[in-house]
Amino acid sequence: MECLYKTTTKYTLEEYKKFNNAILMKRHTLLLLLAGLVFILLGGIILRSEFLIIFAIIYPFFFIIIKNSSVKKVFNSNKLTQNVDVTFEFYEDHFEENHEAGQAKIPYEKLHEIIETKTNFYLMIAKNQGYMLAKENMPEGLEEFIRTKSKV
């Protein structure tokens with residue numbers, strides 16, 4: 001079978017942060033957090049509780065610090081994919097992922113979902129696990145090809 005498209009993505013900490021943020025947005029985690037904070041802030045105002053008001057104001061900063069620390073810890077724990085160039089080859093019925101530590105062949109129908117952001121595609125093989133593809137390196141036609149596969 002002939003390869004239709006080929007692209008490469010460098011798996012960096014920044015790419016992994018984008019991946020994590022895309023999953024959080026897809027799962028509406030940030031919206032739920034915001035709704036909870038508004039509820040706590042309103043409760044603090046109604047109850048005249050300075051503690052609740054201050055908590056609602058500073059918690060987002062702690063959330064960001066903890067989230068970024070957690071993402072960095074997970075990224076650093078996997079030496080196989082740190083700052084490695086990953087090549088993807090797309091065929092009509094599957095894609096192949098290749099890098100210095102191994103390779104995988106994934107049929108499109110086995111994908112859990114495909115998440116698209118402004119800068120990336122994430123080919124998800126599970127709820128929180130997937131392949132990161134930077135759009136900036138994609139040849140012409142690949143973006144549309146991936147979008148058609150998300151409807152499979």
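The values are calculated or read from the model by the stated rules, or taken from the named source; none is laboratory data. A quick note: this is a predicted structure, and the numbers were derived from the prediction, not measured. In this analysis, Cβ positions are derived from the backbone assuming ideal geometry, glycine residues included, and neighbour counts consider all displayed protein chains.
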Original post:
Looking at residue 70, is it of a type in the set (S, T, N, Q), without any contact (Cβ under 8 Å) to a residue 40 or more places away in the chain and closer than 26 Å to residue 133 by Cα?
Top reply: yes
Subject >> Residues of region 94-107 classified as at pLDDT 95 or above and either among the acidic types (Asp, Glu) or outside any strand (DSSP E or B) (or both), total >> reply: 2
Original post:
Can you name the residue in region 75-92 that is touching a residue at least 24 places away in the same chain (Cβ under 8 Å) and either assigned to a loop (DSSP other than H, G, I, E, B) or among the basic types (Lys, Arg) (or both) and is also surrounded by the most Cβ atoms within 10 Å (Cβ to Cβ) among such residues?
Top reply: 91
Subject >> region 125-138, residues that are surrounded by fewer than 19 Cβ atoms within 10 Å (Cβ to Cβ) and under 21 Å from residue 84 (Cβ atoms) >> reply: 125, 126, 128, 129, 134, 135, 136, 137
**OP:** Give the residues of region 97-133 that are over 11 Å from the mean Cα position of the chain (by Cα) and among the small types (Gly, Ala, Ser), sorted by residue number.
**Re:** 101, 102, 104, 126
Subject >> Filter result (surrounded by fewer than 13 Cβ atoms within 10 Å (Cβ to Cβ), touching a helix residue (DSSP H, G or I) at 6+ places or on another chain (Cβ under 9 Å) and not small (Gly, Ala, Ser)) within region 40-74 >> reply: 45, 50, 51, 54, 74
Subject >> Test: residue 37 is without any contact (Cβ under 8 Å) to a residue 24 or more places away in the chain, buried (at least 16 other Cβ atoms within 10 Å of the Cβ) and not hydroxyl-bearing (Ser, Thr, Tyr) >> reply: yes
